[in-house]
Amino acid sequence: MKKYIAEFIGTCVLVTLGCGTAMLVGCDAVNGGGYILTALAFGLVIVGMAYCVGNISGCHINPAVSVAVFCSGGMSIKDLIGYIIAQCLGAFAGSGILAAIFGLGGVKDMTGGFGANTLGGVNGNAVAGIIVEVVLTFIFVLTILGVTSKKANHGSFGGLIIGLTLTLVHILGIGLTGTSVNPARSIAPAVFAAINGNGTPLSQLWVFICAPIIGAAIAAVVYKVLEKESKSE
């Protein structure tokens, strides 16, 4: 149970600080400042949570990462289901915190939808959005699998490397899809946006659930093949 609680807390913090930063400063690629701050917020949360709950749950805080670990044989189906439930509940808790802060404080949401992902940057083209999310998730998850493998020798820098990689994929992805690479991070804000009267994120949500899972599964398969080949050499 402790690892599920850790995943709940980690995902709650990710959504609260990551999406909260996006809501507060906006993600306009033209102005740039809010864009970079949002990318850094998501990346720095991963760094902090990796050293906070990483020794308890592995700090997946992302269903796509859990799927990749499962595909790699690193967890049971029971834990996979438990992790995903905890991550989604944590994301909803984070969005709830943001709803309370921005609602009670009368703060304008600069994203117009709780930092939810949309296909606005690719002009609503679902295929383009899927390609973006599959590629970015593949890069992110492949990095995680490499850093956390038994052969890796990164000392205490693993969390930093993973956090910087998440920042990197956000720098490209924010202007295209808002960068999901995390179904839980996408589901909760989309639901809250719909409750608030913005149904667009909810209608496009399937992209941000399916594409990260596909990208993570591909990364797991590719890493397993590469790891097997390196052992045989």
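The values are calculated or read from the model by the stated rules, or taken from the named source; none is laboratory data. Note that the structure is predicted; figures quoted are calculated from it, not measured. Virtual Cβ from ideal backbone geometry, glycine too; neighbours counted across all protein chains shown.
Counting only helices (runs of 4 or more DSSP H) wholly contained in the range 90-209, the ones carrying 1 or more residues that are within 12 Å of the chain's Cα centre (by Cα) and of a type outside the set (G, A, S) occupy 126-148, 158-173, 183-195.
Residue-level check: of (1) within 14 Å of the chain's Cα centre (by Cα); (2) closer than 21 Å to K150 by Cα; (3) among the aliphatic types (A, V, I, L, M), V69 misses just (1). For residues that are of a type outside the set (A, V, I, L, M), at pLDDT below 95, assigned to a helix (DSSP H, G or I) and farther than 23 Å from D79 by Cα, tally how many sit in the range 7-63. Total satisfying the criteria: 3. Across the range 72-80, a minimum of one residue is classified as β-branched (V, I, T), free of Cβ contacts under 8 Å to residues at least 24 places away in the same chain and assigned to a helix (DSSP H, G or I).
The condition of being of a type in the set (A, V, I, L, M) and under 21 Å from D28 (Cβ atoms) holds for only one of V67, V107, V134, that being V107. Is it the case that the range 146-153 has a residue that's farther than 27 Å from K108 by Cβ, surrounded by fewer than 19 Cβ atoms within 10 Å (Cβ to Cβ) and aliphatic (A, V, I, L, M)? Checked against the condition, which is being farther than 27 Å from K108 by Cβ, surrounded by fewer than 19 Cβ atoms within 10 Å (Cβ to Cβ) and aliphatic (A, V, I, L, M), the range 146-153 yields at least one hit. Once the range 183-222 is narrowed to residues that are touching a Ser or Thr at 6+ places or on another chain (Cβ under 7 Å) and aromatic (F, W, Y), the residue that is surrounded by the fewest Cβ atoms within 10 Å (Cβ to Cβ) is F192.
Annotation: of all residues in the range 98-121 being β-branched (V, I, T) and surrounded by fewer than 17 Cβ atoms within 10 Å (Cβ to Cβ), the one that is nearest to I187 (Cα to Cα) is I101. What about D109, is it of a type in the set (D, E, K, R), in contact with a Phe, Trp or Tyr (Cβ under 6 Å, 6 or more places away or on another chain) and in contact (Cβ under 8 Å) with a residue 40 or more places away in the chain? Yes.
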